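S.K.: After the structure tokens below, expect a handful of questions from me.
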Amino acid sequence: MYPAIGHKLKMKRLARNLTQKEAAKIIGVSVYMISAWENDRYFPSAVRMEQLSALYGISVEELRDMK
């Protein structure tokens with residue numbers, strides 16, 4: 001089980017100056033899903049983790065393990 005990554009996802013999105021709507025459009029999900037991931041209601045699938053890490057310019061491992 002991975003640690004909660006919602007805060008990490010939000011900080012990376014904000015560092016890229018993206019809104020939830022913009023991030024959702026880029027990776028092809030709803031704004032609700034971006035919000036759910038950022039609030040740790042759901043965990044992104046492996047495919048979505050790859051898309052998020054590419055969008056935010058880090059590896060999947062870095063995203064999972066960021067402190």
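S.K.: Out of 25, 10, report the one residue that is of a type in the set (Lys, Arg), assigned to a helix (DSSP H, G or I) and in contact (Cβ under 8 Å) with a residue 24 or more places away in the chain.
M.R.: Working: 25 fails: in contact (Cβ under 8 Å) with a residue 24 or more places away in the chain.
Exactly one of 25, 10 is of a type in the set (Lys, Arg), assigned to a helix (DSSP H, G or I) and in contact (Cβ under 8 Å) with a residue 24 or more places away in the chain, namely 10.
S.K.: Restricting attention to region 15-67, and to residues there that are closer than 15 Å to residue 4 by Cβ and basic (Lys, Arg), which single residue is surrounded by the fewest Cβ atoms within 10 Å (Cβ to Cβ)?
M.R.: Taking region 15-67 first, the residues closer than 15 Å to residue 4 by Cβ are 35-44, 49, 52, 63-67.
Imposing the further condition that a residue be basic (Lys, Arg) reduces the set to 41, 64, 67.
On the way: 41: 11, 64: 14, 67: 4.
Among those residues, the one meeting the criterion is 67.
S.K.: Right, next: Just name the residue that is farthest from residue 27 (Cα to Cα) out of those in region 44-62 that are touching a helix residue (DSSP H, G or I) at 6+ places or on another chain (Cβ under 7 Å) and of a type in the set (Ser, Thr, Tyr).
M.R.: My answer is 59.
Just so you know, all these numbers are worked out from the coordinates, no wet-lab data involved. Remember, it's a predicted structure, so these values are computed and weren't measured experimentally. FYI the Cβ positions are ideal-geometry reconstructions off the backbone, even for glycines, and counts take in every protein chain you see.
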